1. Applying the selection to segment 46-84, what residues are among the aromatic types (F, W, Y), over 13 Å from I14 (Cβ atoms) and either part of a helix (DSSP H, G or I) or assigned by TED's automatic domain parsing to the domain that holds D220 (or both)?
2. What is the number of the single condition among (1) assigned to a helix (DSSP H, G or I); (2) under 21 Å from D69 (Cα atoms); (3) among the small types (G, A, S) that A285 does not meet?
3. If A257 passes every condition in (1) over 20 Å from D355 (Cα atoms); (2) within 16 Å of the chain's Cα centre (by Cα); (3) modelled with pLDDT under 90 but one, which one does it miss?
4. Suppose we filter segment 232-265 for residues that are part of a strand (DSSP E or B), under 18 Å from V295 (Cβ atoms) and of a type outside the set (S, T, Y); how many remain?
5. Outside the structural domain of D69 (by TED's automatic domain parsing), among the hydroxyl-bearing types (S, T, Y) and surrounded by fewer than 18 Cβ atoms within 10 Å (Cβ to Cβ), is that true of S393?
6. Pairs needed: first member in segment 412-439, farther than 16 Å from V382 by Cβ; second member anywhere, of a type in the set (F, W, Y); C-beta distance under 9 Å; at least 6 residues apart or different chains.
7. Being modelled with pLDDT of 90 or more, within 30 Å of M66 (Cβ to Cβ), crowded, with 16+ Cβ neighbours inside 10 Å and in contact with a helix residue (DSSP H, G or I) (Cβ under 7 Å, 6 or more places away or on another chain), is that true of even one residue in segment 175-193?
8. Check D60 against each of (1) charged (D, E, K, R); (2) at pLDDT 80 or above; (3) out of contact with any strand residue (DSSP E or B) (no Cβ under 6 Å at 6 or more places or on another chain) and name the one condition it does not meet.
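The values are calculated or read from the model by the stated rules, or taken from the named source; none is laboratory data. Everything numeric here is computed off the predicted structure, so don't read it as measured data. Using ideal geometry, Cβ is built from the backbone for each residue, glycine included, and neighbour counts are taken over all protein chains shown.
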Amino acid sequence: MEEIKSRLNIVDVIGEYLRLEKAGVNWKARCPFHNEKTPSFMVNEEKQIWHCFGCQKGGDVFSFVMEMDGLDFRESLKILAERAGVSLSQYQKKENERPDRTREILELAARFYEVQLWKGQEGKKIIEYLLARGLNEESIKNFRLGYAPKGWRNIAQFLTGRGYAIDEIKKTGLLVEKSVGDRNSSDQQEDVSRDSTNYKQQTTNYYDRFRERIMFPISDVSGKVVGFSARVAPGQDESQAKYVNTPETAVYHKGQALYGINLAKTEIKRQDSVIMVEGNLDVIATHQAGLTNTVAVSGTALTREQLKIIKRYTSKIYMFFDMDEAGMSATRKSLKLCFEEEMAVRVVNLPKGKDAADLAKENPKLLAKTIKEALPAMEYLVQDVFRRNEAGSVEGKKVIVKETMEILVHLNNDIERDYWIKILSERLNVKESLLTDIWKKVNLKHRKEYTSHKTDVVTSQATLPSSKKEMLIEELVGFALFYSEVWRMLEKKENSFLGDQENELLSFMIEKGEDLDFEYDKLSQYFEGMDLREQKAEIDKLFLNRKYRIGLDNSLEEFTVEAPQEEAIALIKEIKKETVRETLDKISNDMKLARNRGDIEAEKLLQEESGKIIEEFSHF
């Protein structure tokens, strides 16, 4: 890992994602992980770390790629190792235990389907169909479309012939296990194949999931194939299922998949907006028309996990769903979720009977114009509900208010919510206060469900300092990381000023300070060598928060202290005061309990103890 980092400059890597500007000895940019007008994202070339002073995220080059591309550590390690020209053989397990074995199989399968499309017997008519749908050969190749030929075990035989066991292949979702009594074809007899990994005959009850279908590989943000969406080939029976998708696997989770994200992410970031369409063909046709910031949900309704991926690149969405009843229903559900995640959403109003692919093929200029004229989501929804109901009748008013309030409870912006309540009041000729009361009642019912959706946010916030004392302790740790003389001083001091509060990092620094020469760099290297990434990220954050401050003009300023030890002593004094206050609060609560129980003696003793502490406190 150190060899990889020594060969890569974090500025060069992050510079491929963000537009970095020189800022003194550092580099700065607008943070890609939250919305901001003034740059607070900083890259320190000397320490090879990054940190955002707005959202408090930070780390090294690995954590940046992990955060930006939605990868785990091993995946980011592999990508950066390839870039640095470093072999990862020392990190790999035995061949049959490698975690990327599934991805290898999926990649081989994608190539197999591509070859069947371009060179197979039935591929020609499939290409003709795709061309008739408005796609060109470049787009077909760019999105790696393929064809799964008829037959029950084409992919199984292809992969076992290349050394993969049936047990490995079935984990990818490419195979289906035969159920008892399954007699769909005489071809579906037990498949006896040779597993070249152990050279033993094995019997399998699995057959190919995808047969006589156009194959759309689904990739993650880094371009690795994780699954497939398969459309029935033209002329085949569509009564079963027009589309069949890979089931949930170790690498494919439909609620996290976004078709086309690997090809669209750079343009999404550049344009600071994403176009979201319904289907795979819509994505390809829209890209072909020049709108390369387009993605699609993959066989599912829009999910919170998909929005989190999108938010790494932008907070602006153009919703481009079909205008039929199913499309409208999906749009409304998706918009509610977007409101909760505070995304800026516009709805593209397609001409009746058209989808994105149709418009991209027939009139690309009209497609671009339609997107440009997209309405803000709330305005679109209000127009829609008024269009469908008679605002002049009592029944119509009731329906309009009910539907609108069910949407408004998802808005997290108070100003926007109040604005729309006022608009409704004027258009319906109903008192604004009455609508506000109705909203409160609807919101009360909604809140419990909404809170459960936000568990992940609550959990992350729980790690933040929750009291003044915790904030002071973190500031003291930052001082010790930045000033070695403060670290040395803390080693000689008793930790009694912390009271009952424990700080594992501070305790570790005091214990190991001498071994690490009281140096931040050596502590950082220690954590990295022990693969303690969370601890390393924490000290990087505390170090940078001590070194820099946001100036009055919102610029980053280096922060220096002439007498750091004196400053640290003042901090310790403040921590002691907070410890005393916590103790007094506890005694006060105990006194109330004793009083309620009628325990006069206990109350008197607690009063005496409180008096002693207050006396000591007065000398601070």
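1. Answer for segment 46-84, where residues must be among the aromatic types (F, W, Y), over 13 Å from I14 (Cβ atoms) and either part of a helix (DSSP H, G or I) or assigned by TED's automatic domain parsing to the domain that holds D220 (or both): just F73.
2. Result: A285 passes all but (2).
3. So A257 meets the others, but not (3).
4. 2
5. yes
6. From segment 412-439, the pairs are N412/F339.
7. no
8. (3)
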